[in-house]
Amino acid sequence: MIAPLASIKFGTDGWRAVIARDYTFENVERVAQAYADYLLKDGNSEPFAVIGYDRRFLSEMFAQRAAEVIAGNGLRVSLFDEAAPTPLISWAVKELNAQGGVVITASHNPPDFNGFKIKAPWGGSASPATTAAVEKLVDAQKPKRSEIREKQSESLAPAIASYRAQIASYIDLDRLRKANATIIVDPMHGSAGNWVESFLTGGELKVETIRGYRDPLFGGVNPEPIDKNLAALKQRVLDNKALVGLATDGDADRVGAVNELGETMTMHDVVPLILLHLVRERKMTGGVVRTFSQSVLLRRMATALNLKLYETPIGFKYVADLMLNDDILIGAEESGGIGVKGHIPERDGILNSILFLEAIITAGKSPTEMLGALHKEFGEFHFGRTDLRLEMEAGQRLLEKLMESPPSNFAGLNVVDVETTDGTKLLFADDSWILFRQSGTEPMLRIYAEAIEVPKMRALLKTGEALAFG
């Protein structure tokens, strides 16, 4: 009996699945054929796609197979010949005027996953309409393949050079290199490799990269720059008395940070500090986009700094859409994806790592001192998150129950409102909140909480976990 073909569903950012279970060469061919059909439907006279990949197990082989299928449909392809950061691949799509791009990556997901991200011509994540259209085209035609004999990466050299030039023009690198400080960079064995360090060497600044080599198992942790995965970075910051530790995720589109005390900084710390730097030091203007799980601080800061605030569902594609159509200064996700004015509408962990360092060096303070000043001016909030392994159906049932019959009291706090933009969020009178959201890419229920005191934040998370497993 022949096993039925796996169902292909695009989540928050691409199609992802477990390698050798649903993520197989056969299924990559099916998705690549659907994407080729989508590009050809637009009637492009000379369709062209850029294809890249991360450092996961067999990513280069999956990328080669996707390139063969896309080329087999008559499209011209440029295929990276080594693992590359997703923002670089996105930049190449825009810089080379490609009709689109593919990145073989599962981003921050566990090591046994891989994925298929689609990039739009403007250098950002494909819109929900695009991924929905591709999804509908799966199995519309049998995959066609064409052997790729010639080297396909030579055409990418100008885009790689211009990406480096873009970052060098966006950041005051000379100022950073002159700083008398030590920083630690942690790409978490992902495709950022030595990219961040390469921009910062050549001066007094001491830069050390850890976990910079390829390891498809990512050292036994998920390549997501959150506290539970950053033990190595936290320890190295303390050992070297570093000013800051800078981390990127598996495909280098997200950023994380560790302060001088060896404590992980959440995006509810990092993003507001970058925003303040852009407005007060760089004198930049524009709107502020926060996704549904981002901090109350951004709302307060936008009001105080007279900046227009936008709120979107979780997923950077929603931020990118606003960046394409409005004057946006910064857009950010809780998970570490940040987009800034003057760059492509895309998350870029490399640029934003260096931009955060610029904010620190310019302030002349430690990250802890900067955050203390920020809280003093705009209010103190502390964020926490817990990820619970829960099948999607069970997580969805919990969300529906909370939406239909929300509690009047939660962890000793009176619930004053419920929001359901993306998941179910309970709001409390002091601006504290808790959000329950089922992941769109894996069987994971995520619980987020923010409160004015750390014990209150932890109590919210603990009560949320008990509810999920109750």
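Some values worked out for this structure:
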item: Distance in nm between pseudo-label sites at Gln396 and Val18 (7 Å out along the Cβ direction from Cα); result: 1.9
item: In the stretch 198-275, trypsin sites (Lys or Arg not before Pro) in a DSSP loop with at most 11 other beta-carbon atoms within 10 Å; result: Lys241
item: Within-11-Å neighbourhood charge of Asp186 [Cβ basis; K, R +1; D, E -1]; result: 0
item: Accessible area per residue, Å², the chain with all protein chains present, probe 1.4 Å; result: 39
item: Kirkwood Rh in Å, taken over all unlike Cα pairs in the stretch 422-470; result: 11.3
item: Estimated inter-spin distance, Ala231 and Arg76, nm [label 7 Å along Cα→Cβ]; result: 5.0
item: Gained length - Thr362 relative to Ser198, 0.36 nm times residue gap less alpha-carbon distance; result: 57.0 nm
item: Extension gain, Ala429 back to Asp387 (0.36 nm per residue minus Cα-Cα distance, nm); result: 12.6 nm
item: Global size of the chain as Cα Rg and Dmax, reported in angstrom; result: 21.8, 68
item: Restricting the stretch 171-247 to GluC sites (Glu not before Pro) in coil, as DSSP defines it, with at most 14 other Cβ within 10 Å; result: Glu204
item: Rounded FRET efficiency, nearest 0.05, which uses the C-beta distance separating Asp417 from Leu305 and R0 of 30 Å; result: 0.75
item: R0 of 22 Å, Cβ-Cβ distance Asn180-Ala373: FRET efficiency to nearest 0.05; result: 0.50
item: Segment Asp42-Glu380, extension gain: residue separation times 0.36 nm, minus the distance between their alpha carbons; result: 116.7 nm
item: Residues in the stretch 170-184 that a label on Lys283 would reach, taking backbone N under 18 Å of a point 7 Å out along Cα→Cβ; result: 170-172
item: Ranked order, Glu60, Glu46 - accessible area, probe 1.4 Å, largest first; result: Glu46, Glu60
item: Entries in Lys283/Lys365; Lys228/Lys317; Lys94/Lys234; Lys119/Lys341 that, when Cα-Cα distance is taken, lie over 28 Å; result: Lys94/Lys234
item: Protein accessible area in the stretch 208-266, 1.4 Å probe - carbon and sulfur %; result: 53
item: For the stretch 246-263, 3J(HN,Hα) per residue [Karplus equation, 6.51 cos²θ - 1.76 cosθ + 1.60, θ = phi - 60°, Hz, x = Gly/Pro]; result: 10, 10, 10, 8, x, 10, 6, 9, 10, 10, x, 8, 10, 7, 5, 8, x, 9
item: Charge dipole magnitude, Cβ of K and R +1, D and E -1 - the stretch 266-382, Cα centre, debye nearest 20; result: 260
item: Cα centroid separation, the stretch 290-326 to the stretch 357-377 (Å); result: 22
item: Only Lys, Arg (+1) and Asp, Glu (-1) charged, at Cβ; the chain dipole about Cα centre in debye; result: 180
item: Whole-angstrom gap from the stretch 186-260 to the stretch 129-164, using each part's C-alpha centre; result: 30
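The values are calculated or read from the model by the stated rules, or taken from the named source; none is laboratory data. No experiment lies behind these values; they were computed from the predicted model shown. We place every Cβ from the backbone using ideal geometry, glycine too, and count neighbours over all the protein chains shown. These area figures cover heavy atoms from the full protein model, side chains too; ligands, DNA and RNA do not enter into them. Shrake-Rupley method; radii C 1.70, N 1.55, O 1.52, S 1.80 Å.
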